Amino acid sequence: MAGTCLALAALGLNSQAHAASYGTPTISLSAGYLSGAVGAVGDPTVQVTVAQSGADVGALTVAASKSSKTSVAPTSAVTVTGTGTTRQLAVAAAAQGYTDLTVKVTGLGGKTATKTLHYAASASVQQPADTRYFTGSSDASAAVDVGGGYVVVADDESNVLRLYDRSASGAPIKTWDFSSDIGVDKEIDIEGAARVGDTIYWTGSLGNNKDGEYKAARNTVFTTKVTGSGANTTLSYGSSNGRLRDDLVAWDKANGNRYGFAAGTADGEIPKEIDGFNVEGLEFAPGSTTTAYIGFRAPLAPAVAGGKALLVPVTNIDKVVANGTAATFGTPVELDLGGLSVRDIRKNAADQYLIVAGSWAADDNSDPYALYSWTGNGTDKPVELRDLPTTDPGAWEAVVDVPDLTVAGARAQLITDDGSADLYGDGTEAKDLTHPEWQKSRSTWFTITG
């Protein structure tokens with residue numbers, strides 16, 4: 001008997017029998033599609049889950065075994081950390097473009113299994129250490145801080161609100177869509193937001209669509225109630241109003257068509273013209289919970305090159321949205337933003353305001369942008385703090401929150417709308433990408449005080 005065992009061992013049959021007791025390894029990825037950026041800090045990762053029957057999972061190894069385009073990301077650019085059932089896979093992009101990465105698990109007995117990760121890398125940007133990417137959508141248009149390092153971001157191409165970790169690149173941890181509560185089945189074109197207490201007000205652009213057609217869903221202002229904070233934030237539907245545009249037009253008519261709202265909202269009128277009608281900012285007046293400034297991307301006042309940016313105070317925004325009451329308006333505010341208009345406006349608890357100023361034009365990703373401070377008082381002039389970079393893709397659309405502007409070295413986080421950007425160098429606009437994991441908006445922290 002001993003001689004038989006020795007003979008089997010010599011032939012390697014014992015080891016083969018042992019190997020045969022191991023099953024084929026299994027491997028799964030938490031996402032089949034992943035986006036990164038050249039030179040990025042904190043890019044999203046993918047969880048890799050592995051197992052093999054009859055084997056200690058710690059004995060399994062995971063690595064990238066093949067890249068379909070090594071110039072974008074060679075296998076050496078893929079790192080896998082961890083030793084348990086779940087590993088973390090990260091990719092350091094080498095160049096803009098796409099590649100398919102084969103992720104391979106090798107188990108005991110030499111048995112293997114693979115999965116494909118479809119990877120897309122956008123180009124490097126300025127200030128990569130201060131930049132993060134919010135994935136799942138490319139058309140960020142408004143943002144509200146909810147504490148604990150988290151932010152709710154709206155999208156002007158859908159009605160979905162998304163909760164993100166402000167400091168991390170990656171997918172939203174929660175989403176909400178209140179379309180059915182509001183009674184709309186088209187995009188609201190959410191462009192502005194403001195929070196008072198536990199209520200967030202969200203406004204559509206109120207303008208025609210890009211073809212000059214009236215779409216009722218865009219004439220929407222609605223509220224959500226905030227419960228909890230940070231990662232535990234929950235939103236619930238409050239109420240909505242679909243008449244604010246009509247009230248603004250009637251008010252302007254009653255005051256001699258000073259701003260041309262009736263003409264700007266007429267059939268066939270394009271909203272993003274110097275004399276168009278398009279809302280992109282919303283924030284409460286100093287010390288008020290009922291008066292909100294409506295910030296206009298168009299028109300300028302007057303509607304000529306070098307005109308001023310327009311804010312119109314709605315003095316009963318609470319009743320307008322909660323009860324359907326007709327809007328009443330205060331004295332309009334015209335601000336000198338160097339010929340630019342309002343792309344976002346946000347204040348802090350001390351009533352210090354930041355205004356993102358940009359072009360009224362539709363194709364404006366390379367047009368000038370600037371960041372201004374303001375007191376919120378209509379008789380006070382805004383003060384330019386800095387120009388915003390325009391060499392990278394995306395339009396600056398949202399301020400997350402406002403730091404204490406009296407402190408030197410204060411930093412603010414801004415978010416871009418990248419919907420029209422060709423992120424991966426293939427001529428496809430981000431909004432048209434077929435995989436939401438590849439869609440993303442960029443957020444960057446800027447130092448705004450000296």
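Numbers below:
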{"item": "Hits in the stretch 319-366 (condition: charged (D, E, K, R) and more than 20 Å from A398 (Cα to Cα))", "result": "K319, E334"}
{"item": "Condition check for S138: farther than 30 Å from S240 by Cβ and not assigned by TED's automatic domain parsing to the domain that holds Y22", "result": "no"}
{"item": "Boolean, E283 is touching a residue at least 60 places away in the same chain (Cβ under 8 Å) and either in a strand (DSSP E or B) or of a type in the set (V, I, T) (or both)", "result": "yes"}
{"item": "Condition met for T175 (among the β-branched types (V, I, T), buried (at least 18 other Cβ atoms within 10 Å of the Cβ), over 23 Å from I345 (Cβ atoms) and in the same structural domain as V226 (by TED's automatic domain parsing))", "result": "no"}
{"item": "Residues being without any contact (Cβ under 8 Å) to a residue 12 or more places away in the chain and within 30 Å of P172 (Cα to Cα) - total across the stretch 235-280", "result": "0"}
{"item": "R132 vs. criteria assigned to a strand (DSSP E or B), within 25 Å of L282 (Cβ to Cβ) and out of contact with any helix residue (DSSP H, G or I) (no Cβ under 9 Å at 6 or more places or on another chain)", "result": "yes"}
{"item": "Count of residues meeting criterion [assigned to a loop (DSSP other than H, G, I, E, B), farther than 28 Å from V407 by Cα and in contact (Cβ under 8 Å) with a residue 12 or more places away in the chain] in the stretch 297-338", "result": "16"}
{"item": "Contacts under 6 angstrom Cβ, first residue in the stretch 388-400 being buried (at least 22 other Cβ atoms within 10 Å of the Cβ), partner at pLDDT below 95 and among the polar types (S, T, N, Q), 6 or more apart", "result": "A395/N365"}
{"item": "Candidates V160, V152, V196, filtered to the one that is of a type outside the set (S, T, N, Q), surrounded by 21 or more Cβ atoms within 10 Å (Cβ to Cβ) and modelled with pLDDT of 95 or more", "result": "V152"}
{"item": "Residue under evaluation G36, criteria (1) within 30 Å of D165 (Cα to Cα); (2) in contact with a Lys or Arg (Cβ under 9 Å, 6 or more places away or on another chain), criterion not met", "result": "(2)"}
{"item": "Where a residue in the stretch 432-444 is free of Cβ contacts under 8 Å to residues at least 40 places away in the same chain and its partner, wherever it lies, is surrounded by 15 or more Cβ atoms within 10 Å (Cβ to Cβ) and not aromatic (F, W, Y), with Cβ under 8 Å and at least six apart", "result": "none"}
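Yes or no, residue by residue, for (1) in contact with a strand residue (DSSP E or B) (Cβ under 7 Å, 6 or more places away or on another chain); (2) modelled with pLDDT under 95; (3) over 20 Å from S373 (Cα atoms):
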| position | (1), (2), (3) |
| --- | --- |
| T325 | no, no, yes |
| T328 | no, no, yes |
| E334 | yes, no, no |
| G338 | yes, no, no |
| D344 | yes, no, no |
| K347 | yes, no, no |
| V356 | yes, no, no |
| A362 | no, yes, yes |
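The values are calculated or read from the model by the stated rules, or taken from the named source; none is laboratory data. Fair warning: this is a prediction, and the values are worked out from it, not measured in the lab. All Cβ positions, glycine included, derive from the backbone under ideal geometry; neighbour counts span all protein chains shown.
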